[in-house]
Amino acid sequence: MSVIRMRVPGRRSRRRKMAQGVRPVRRSAGTETAVDVLLRWTWIRRRSSAQDIEDFRSGQPLQVVGFTKSIGGAVTMSIGQGKKIPRTRSGFLRCALGEVPVWTDRTGGKGSTLLRPPFALAPVEGKVPMARKFERYELSTADGTYDLAVPKKDAELVRYVFGQTGN
C-alpha cells in the first residue's frame, strides 16, 4: 500500500521563511480568542502589555485587533431617507520592529493599508459603541488622520509602537 502525499501550496516557502528567521505573528494581550479567555479564567495564561512590549523589542511581530471607520477609506452604509453614515470595520494592526505598521481589514488582505510615519497618537474622549473594553485614539500619519479603537489591554503597546516608529 502506497501513501499519496499531496503538496500543500506555500508550505515549503513558509518553512524556508521560518529557517531564515522570520517569526510568525503573535496575538497581543488584548486580542483574545475564546480559548484565551478560558485559559485566563483558569489562571493558566495571563499575558500583559508589558510582556507584549518586551516581546516587540525582541523582534516578535504582534497583531492587535481594532476598529476603525477611516483607515483604508470610509465605507458608508445607508440608514434610510438618503442618509449615509461611515460604518465601523474591524481589523488587525500588525506591528513589527523595523517595519511600518499595517492595518488589515478583517475581510482579508485586500484591504491592507500601510501606515507611514511620522505618527501622532492622541486619545479621544468618549466610549466605543458596543465595545466597553476598547479605547479610542486619533492617529495622524503622513497620509492623513484616522480614528482607531484598540483594546484597553493593548493601549500601552500601541502607544509604544507609534511612539517608537514615529521618531
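The values are calculated or read from the model by the stated rules, or taken from the named source; none is laboratory data. Model, not experiment: these values are computed from the prediction. Here the Cβ is made from the backbone with ideal geometry for all residues, glycine too, and neighbour counts use every protein chain on show. All accessible areas refer to the heavy atoms of the entire protein, side chains included, with ligands and DNA or RNA removed. Shrake-Rupley method; radii C 1.70, N 1.55, O 1.52, S 1.80 Å.
For this structure, a couple of remarks:
- Pick from segment 44-54, criterion within 19 Å of L157 (Cα to Cα) and of a type in the set (A, V, I, L, M, F, W, C), ranking: most open to solvent (accessible area, probe 1.4 Å): A50
- Residues that are modelled with pLDDT of 80 or more, assigned to a loop (DSSP other than H, G, I, E, B) and either open to solvent by 80 Å² or more (accessible area, probe 1.4 Å) or basic (K, R) (or both) within segment 28-43 comprise just one, T42.
- Among the residues of segment 148-167, those identified as part of a helix (DSSP H, G or I) and among the polar types (S, T, N, Q) are Q164, T165.
- Flag for T107 being exposed (fewer than 12 other Cβ atoms within 10 Å of the Cβ), modelled with pLDDT under 90 and of a type in the set (S, T, Y): yes
- Segment 137-156 residues that are under 16 Å from P86 (Cβ atoms) and at pLDDT 90 or above, paired with ones that are assigned to a helix (DSSP H, G or I) and of a type in the set (F, W, Y) (beta carbon under 8 Å, 6 or more apart): L139/F162
- Any hit, segment 55-71, residues being open to solvent by less than 40 Å² (accessible area, probe 1.4 Å), in a loop (DSSP other than H, G, I, E, B) and under 21 Å from K133 (Cβ atoms): yes
- In segment 113-134, the qualifying residues are those that are open to solvent by 60 Å² or more (accessible area, probe 1.4 Å) and in contact (Cβ under 8 Å) with a residue 12 or more places away in the chain, and the one that is farthest from T88 (Cα to Cα) is P118.
- Taking segment 97-147 as the range and being charged (D, E, K, R), in contact with a strand residue (DSSP E or B) (Cβ under 7 Å, 6 or more places away or on another chain), closer than 20 Å to A74 by Cα and part of a loop (DSSP other than H, G, I, E, B) as the test, the residues that pass are R106, R116.
- Checked against the criteria, G82 counts as farther than 20 Å from P151 by Cα and either open to solvent by 60 Å² or more (accessible area, probe 1.4 Å) or touching a strand residue (DSSP E or B) at 6+ places or on another chain (Cβ under 8 Å) (or both).
- Condition check for R89: under 19 Å from V158 (Cα atoms), among the basic types (K, R), free of Cβ contacts under 8 Å to residues at least 40 places away in the same chain and open to solvent by less than 60 Å² (accessible area, probe 1.4 Å): yes
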